[in-house]
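Participant: Sharing a structure, written as C-alpha cells. Questions coming.
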Amino acid sequence: MSSIPNDKDLVHIASSFGFGCELLAACLSIDRPTVERLKMDHTRAIDQCYNLLLTWKRKVRNEATYEKLFKAMHDCEDLTVDWTKIETHLGFRIGKKVVFRSCPLLF
C-alpha cells in the first residue's frame, strides 16, 4: 500500500467513481483553478477524474501512495466509490490493508 499507483491503475480507480469526483480535489489539496482548468480541458467525467488523480500524483510525487489516495477517497464523504471494482482490478482487499482513522475500514 506504500507503493505509487501507475497511470493504468489511476484509470481504473477513476472509473470506479460515481458522484463527487470534483469534491475529491479538495481532499487531495488540488486548488480550484486547477479543477476548473481540468473541467475545461476534459469534457468527459472519466477524463476529468483521471486527470485529477494524475495531477495529484505529479504534484506530490513520491508521496502519492495508494494508502494516501484511498484515505483521501474515504475521507471525502460525498464521493461515491465502487470499492469492489478497485479491489478486483488491483488484486488486494483494501479494507484489510489500509487503516483509516485508527480503525480498519471493512467493506
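Participant: All but one of (1) modelled with pLDDT of 95 or more; (2) touching a helix residue (DSSP H, G or I) at 6+ places or on another chain (Cβ under 6 Å) hold for C76; which doesn't?
Facilitator: With respect to (1) modelled with pLDDT of 95 or more; (2) touching a helix residue (DSSP H, G or I) at 6+ places or on another chain (Cβ under 6 Å), C76 is out only on (1).
Participant: So which residues in the stretch 79-100 are of a type in the set (V, I, T) and modelled with pLDDT under 75?
Facilitator: I94, V98, V99
Participant: Condition first: among the hydroxyl-bearing types (S, T, Y) and either under 9 Å from the mean Cα position of the chain (by Cα) or closer than 18 Å to V11 by Cβ (or both). Now tell me which residues in the stretch 28-75 satisfy that.
Facilitator: If the condition is that a residue be among the hydroxyl-bearing types (S, T, Y) and either under 9 Å from the mean Cα position of the chain (by Cα) or closer than 18 Å to V11 by Cβ (or both), then T43, Y50, T55, T65, Y66 are the ones that fit.
Participant: Taking the condition in contact (Cβ under 8 Å) with a residue 40 or more places away in the chain and farther than 15 Å from I4 by Cα, does L54 pass?
Facilitator: Here the answer is no, as L54 does not meet what is asked.
Participant: Out of the residues in the stretch 32-49 that are in contact with a Phe, Trp or Tyr (Cβ under 9 Å, 6 or more places away or on another chain), surrounded by 15 or more Cβ atoms within 10 Å (Cβ to Cβ) and in contact (Cβ under 8 Å) with a residue 24 or more places away in the chain, state the one that is nearest to C21 (Cα to Cα).
Facilitator: My answer is C49.
Participant: Pairs only if they're at least six apart or on different chains, beta carbon under 8 angstrom, first in the stretch 66-85 and without any contact (Cβ under 8 Å) to a residue 24 or more places away in the chain, second of a type in the set (F, W, Y) and exposed (fewer than 15 other Cβ atoms within 10 Å of the Cβ); list them, first residue then second.
Facilitator: That search, which allows pairs on different chains as well, returns T84/F107.
The values are calculated or read from the model by the stated rules, or taken from the named source; none is laboratory data. Treat the numbers as computed from the prediction; the structure is a model and nothing was measured. Quick reminder, even Gly has a Cβ in these numbers, built from the backbone with ideal geometry, and neighbours come from all protein chains shown.
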